[in-house]
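Here's the structure we're looking at; comments come further down.
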Amino acid sequence: MQQYDHFEGVIGKTLADSTPWWPESANPGDDAPNVIVILVDDLGFSHFGCFGSDIATPNIDHLASNGLRYTNYHVTPLCSPTRAALLTGRNHHEVGMRSVSNFNTGFPHMRGEVSNHAGTMAEVLRDEGYATFMLGKWHLTQMANASAAGPFDQWPLARGFDRYYGFLDGETDQFHPELVCDNHHINTPKTFEEGYHLTEDLVDHAIEFIHDTKSIRPDRPFFMYFALGAMHAPHQAPKSFIDKYRGAFDAGWDVARGKWFAKQREMGLLPDNTALAPRNPGVEAWDDMPENHRRLAARLQEAFAGFLEHTDEQLGRLFASLDSLGQLDNTMIVLQSDNGASQEGGPFGVMHEMKFFNMILETPDEAIDRIDDIGGPNSHTNYPWGWAQAGNTPFKWYKQNTHEGGVHVPLIVHWPARIADAGGLRDQFHHVNDIAPTIYEAIGVTPPAVYRGYEQMPVTGTSLLYTFGDGAAESRKTIQYYEMMGHRGVIAGGWKAVTRHTPGVSFDDDSWELYHYDVDRSECNDLAAQHPEKLQELIALWWQEADEHNVLPLDDRGIELFGARFHDRTPHPTSKHYTYRPPVSPLPAQVSPAMGGRSWDLEARVERNAGEDGVLFAVGSASAGLSLFVQNNRLVFDYNYFGEHHIVESDYDVPAGESVVGVEFRRLGRDGAATLTINGAACGAISYPAIMRVISSLGASIGSDHGSQVCTRYSDEFAFQGVLQQVDVQLVDRPVSDTAAAEARAIMGKQ
């Protein structure tokens, strides 16, 4: 018969006249290192203790003392683009990730997923014989495809990973995450009350994955990509870690920046002539702020610090586990941040980050009443601009911006078997797209020209392996462009041109700045007027790089794209009518009906006996959301407006047997109203002084309240005890304000 598999033996009539043959499995060699790439989220250049701060990170500091710290390392200004460049060794635009993966604008540079023409490190290394694991935040698939219905072709397992445990979206609650194991959604293994925290869970599984492979196949090296949910908002950690920092930041961000900058200079992390950038616009002098402003800001920073120390402790468990297995010396550990510290907490900081995305600028005087919730399960906090800039010391601006505060982050490489200069510093200019080629060169791997039938685009990064043994080597990275929502920059020949774009303004009218980067790392001395020829040279170079790396067309849209529908191949029906027939897995936010900022009708067909209660439909979490449920035989609707529970209960019982119950929600300008119905008859009503345009980053649950419970009138998932036959949601309208995008941009500080 025809042989479909390659066979080099001989097949005779009998075993006696046949010769067996076994194909050799891919094997990278007996001395091939394990590789762990650890990505911390929204962490600034100075946040680690070994990069200047006084936040305790002893395990990370110890890693640095036995490895190398890179002081001139850059990324993109946002999470998904950095991840795409990190895993592929290409620039983010050319692989289809202009911005976050939550949308697909219809252009090659923004597909919301990594092009199949750009193989990931996991795909390349698995074919070389590596076991491949991924833990934590993925955020590299279109979120409309992140439900239990798939498709799964851009989930981690389809992009080269053998095992996956984490979450798919850009952020999640640390106590009640939306967990995925391999290709299916799961519940957390224990509750918050039982001591659950996501970072601990991720490290538990990372250790398990390593022990599994090294116990059974010690001959196989592994590649692990560990993308933490920390330090992205919400800043949540066990209370003991946050309490440790009580009062530690009462002196404020001006004092902290000064101390951290001095420590950076003492450590040799900055060129001698580097200056501390002035406070960003919108950041007040600490001593000039009212007491409540300072009190809230200090407590928000305490939560961040406790969160970071807790993260460090968990990573310490991972490092100790490697050491106990005898694997630490021959494991290349790459530890970095994905972008600079986040500006999304606004000028004051927020108790609930979703308020920020609702264009609600909560004042400290309003937030102070819930100050003890900070860092716990009923908070979704982010710190203010002042603490974000402190985290980016000595730079200016933040995540999303192409100035150094957005793109200049810490990098630590630890590999005792190959790095002799323990504790060394490296100041060569490099970028996140250089990590993959570094790992390929270290292992001796050449990425394939064709992978599974897809011609592969060139790896455009520059390996930094040459720096491992030569701290004085001249940088081999000569040019790197930057672009994010119209913000642009380019570094070349020791100079940097950069512009902060105002959305809606012509790109030709942007004001470009020029810095002699080699001597002005913190961009304090704008030389655009003194050297106009150099500025024009770099601007022309930026356009050349943009054309080469698929940056065009320039697109300055950002927050307004969340929830936008770009084409008809989505889980969202054009009729705006959704029908769910339980059992249905929890729905990610961008698969759920877009119920924020609009009118809608919801009906649930139920069959129940008297006393059979439970949740019919819920969206969100304890911090914000909505829930329709039956309790004590009454129909109840809770509109949880950022912790303010507006509850209406039916005037009479839901009848036993079959019935149709529901709620009609109406937006009335900035306020709203809801009417409960049983079998088409109104049975309760309530009005709302304000409504949420963006409800939550968490999606819908059908027949229970999965994860963090929306309503305080029940304490667990409160699954419906009767038979929930069907839930129908009809979106009625969505008024669009002409000023909505402008309001969003103003609050986000993008003027």
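Rounded, prolate or oblate: pick one for segment 141-226, where a ≥ b ≥ c are the square roots of the eigenvalues of its C-alpha gyration tensor, a/c under 1.5 means rounded, and failing that, prolate if a/b is larger than b/c, else oblate.
Here segment 141-226 falls in the oblate category.
Using the crude model of +1 on Lys and Arg Cβ and -1 on Asp and Glu Cβ, and no other charge, please compute the dipole size for segment 34-467 relative to its Cα centre, in debye to 20.
Dipole size: approximately 860 debye.
Which lysines have a Cα lying under 24 Å from the Cα of LYS496, excluding residues fewer than 8 positions away in the same chain?
Partners found: LYS396, LYS399, LYS477, LYS534, LYS750.
From the square roots a ≥ b ≥ c of the eigenvalues of the alpha-carbon gyration tensor of segment 178-334, which class results: rounded (a/c under 1.5), prolate (a/b over b/c), or oblate?
Here segment 178-334 falls in the oblate category.
Gap in Å between the Cα centre of segment 325-374 and the Cα centre of segment 585-621?
Spelled out, the Cα-based centre of one part sits 29 Å from the other.
Taking the number of other C-beta atoms within 10 Å as the exposure measure, put LEU322, LEU527 in order starting with the fewest.
LEU527, LEU322
What is the Cα convex hull volume of segment 521-595 when expressed per residue in Å³?
Taking the convex hull of the Cα positions in segment 521-595, it is 207 Å³ per residue.
Sort SER337, SER463 by Cβ crowding within 10 Å, fewest neighbours at the top.
By the 10 Å Cβ count, ascending: SER463, SER337.
Report relative contact order for segment 431-550 in percent, whole number only (criteria: Cα-Cα under 8 Å, sequence separation at least 6).
Reported as a whole number, the value is 16 percent.
Fewest to most neighbouring Cβ within 10 Å: what's the order for ASP716, ASP638?
Fewest-to-most ranking of ASP716, ASP638: ASP716, ASP638.
Using only alpha carbon positions, build the gyration tensor of segment 577-740, then give the equivalent ellipsoid semi-axes as the square roots of 5 times its eigenvalues, largest first, whole angstrom.
Semi-axes (√(5λ), whole Å): 23, 17, 15.
Report the one residue of PRO586, LEU668, TYR714 whose Cα lies farthest in the direction of the positive end of the charge dipole of segment 577-740 (charges on C-beta: Lys and Arg +1, Asp and Glu -1; origin at the Cα centre).
So the residue furthest toward the plus end is LEU668.
Run a plain Debye calculation on segment 34-467 (Cα atoms as equal point scatterers, no solvent) and give log10 I(q)/I(0) at q = 0.06, 0.09, 0.10, 0.11 Å⁻¹, rounded to two decimals, same order as the q list.
Debye intensities relative to I(0), on a log10 scale: -0.23, -0.52, -0.65, -0.80.
Need one number for segment 244-359: average projected area of the convex hull over its C-alpha atoms, nm².
It is 10.4 nm².
Any idea what the dipole of segment 479-559 comes to, in debye rounded to 20, about its Cα centre with Lys/Arg Cβ at +1 and Asp/Glu Cβ at -1?
Its charge dipole is roughly 200 debye.
Counting pairwise Cα distances across the chain, what percent come out greater than 54 angstrom?
Value for the chain: 11 percent of Cα pairs lie more than 54 Å apart.
Under a point spin-label approximation (7 Å from Cα along Cα-to-Cβ), what is the VAL450-VAL732 distance to one decimal in nm?
With each label placed 7 Å out from Cα toward Cβ, I get 5.8 nm.
For a test of the definition: using alpha carbon positions, the gyration tensor, and the 1.5 limit on a/c, classify segment 419-562 as rounded, prolate or oblate.
Taking the square roots of the gyration eigenvalues as a ≥ b ≥ c, segment 419-562 is oblate.
Taking the Cα centre of the chain as origin, sum charge times position over the Cβ atoms of Lys and Arg (+1) and Asp and Glu (-1), and report the length of that vector in debye to the nearest 20.
Computed about the Cα centre, the dipole is about 480 debye.
Give the span of segment 85-228's Cα atoms along each principal axis, as three whole-Å numbers ordered largest to smallest.
45, 40, 24
Using the alpha-carbon centroid of each, what span in Å lies between segment 99-155 and segment 40-84?
Segment 99-155 and segment 40-84 have Cα centres separated by 24 Å.
With the contact rule set at Cα under 8 Å and sequence spacing of 6 or more, what percent relative contact order holds for the chain?
Worked out over the chain, it gives 16 percent.
From the P(r) of segment 661-723, can you give the percent of Cα pairs sitting at distances over 15 Å?
Summing the P(r) of segment 661-723 above 15 Å gives 66 percent of all pairs.
Going toward the positive end of the dipole of the chain, with +1 on Lys and Arg Cβ and -1 on Asp and Glu Cβ, which of PRO503, ILE368, SER697 do you reach last?
The Cα lying farthest towards the positive end belongs to PRO503.
Quick note: the coordinates plus some simple rules give every number you see, no bench work behind them. What you see is a predicted model; the values in this text were computed from it and never measured. A quick note on method: Cβ atoms are made from the backbone with ideal geometry, for glycine too, and the neighbour counts reach across all protein chains shown.
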